[in-house]
Structures are given as structure tokens and as C-alpha cells.
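Data block below; observations after.
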């Protein structure tokens, strides 16, 4: 029960850190109230990490490393409780990296779904939806260049979602198992 609560907390915090990473990556509107909330919530972790993980162009490596450390911390807590087999520091670190990549695919998946629903409900002008659109659009643009809209249907979003599902269900587990074979 306590471990489940800790998992939920580390997942949510890692999600906020990844969201901050993506906001800076796409140079989203930082005056948006949601952006401000994410920045203020994650600042206690990201600001100290900036000393060892500097921002490179639009890549906030401190936020990314904070998300990985958050997920890694969860594995250390499970190890301490005796509910996980010790694979080595590096193995659990790589598992945490793949967990963070899984969170990125989740953000894009739900972002595309929310944007699609908002377009049907005529709510694309809501500040939070616009902010989510700023994050999702760079991922959707290559699909839109390849697959033009057919009337009012935008099939590119469906292909983008299917691609995310394949990455999450097939590619990430395959890469994860390949990396863990070295440990």
C-alpha cells in the first residue's frame, strides 16, 4: 500500500518534470497558468540540478535528469523493501530511463486525444488546450506532411497515435530487454 502510494507520487512528479522538459523543448508559452504551475512545482528539484546538468539550447537536461532520478528513486525504495531483485545500479537506472520514455509516449498519446476531443467540442482556444497543442504539434507535423486531411478527417493523428502505441508496446520493451541483457 505504501509502495503503491510512493509509486504514484514518483510517477506524478516524473510526469511534471517531463512536462517541464517538453515545455522548454518546444518553447511553449511560459506565461500560461499551467506552465507557471509546472515551473513552480518542479523548481525545487530542477534548479539545484542545473548546476550539474546545464540547459543545452532548448534541452532542459536538469528536468530530464530529475525525472529519471525520480523513477530511479522508486526502484531503490522497492529494493530497500525487499520486493525487487537487485540487478545493479546501472540496470535500475536504465529501467528508469525507459520508464521516462514511456511517460513521454503517454503525454503525446493523451495530448493528441485531448486535442482531438477539444476540436470536436470547439474548445481549442482554452489556454490549457493551446499549451498542450504547442507540445503535441511538433510530433504531429511530420505525420501531417505525409498524410493530408481527407475532408474533415485528420487521419494523421490516428497514424501518430498508432505509432506511439507501437513504440510503447513493442519498441521500448524490446530495447529495454536488450539493454538489460548487458547487466
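Rule-based calculations on the coordinates, nothing more; no lab input. In this text the structure is predicted, and so the values were computed from the model without any measurement. Don't worry about glycine lacking a Cβ; one is built from the backbone with ideal geometry, like all the others, and counts go over all protein chains shown.
Here are the numbers for the structure shown:
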quantity	calculated
Neighbour-count order for 46, 95, 159, fewest beta carbons within 10 angstrom listed first	159, 95, 46
Separation of the residue 169 and residue 56 label points, Cα + 7 Å toward Cβ, nm	3.4 nm
Förster radius 30 Å - calculated FRET efficiency between residue 177 and residue 5 (Cβ-Cβ, nearest 0.05)	0.55
On Cα atoms only, tilt of 61-81 relative to the major axis of the chain in degrees	50 degrees
Estimated inter-spin distance, residue 47 and residue 122, nm [label 7 Å along Cα→Cβ]	4.4 nm
Sorted by Cβ neighbour density within 10 Å, fewest at the top, the residues 65, 1, 158	1, 158, 65
Ranked 140, 165, 172, criterion: other C-beta atoms within 10 Å, fewest first	165, 172, 140
Mean ellipticity per residue at 222 nm, deg cm²/dmol - from DSSP H runs of n ≥ 4 across the chain, formula -39500 (n - 2.57)	-25500 deg cm²/dmol
Alpha carbon convex hull of the stretch 1-126, projected area averaged over orientations, nm²	9.2 nm²
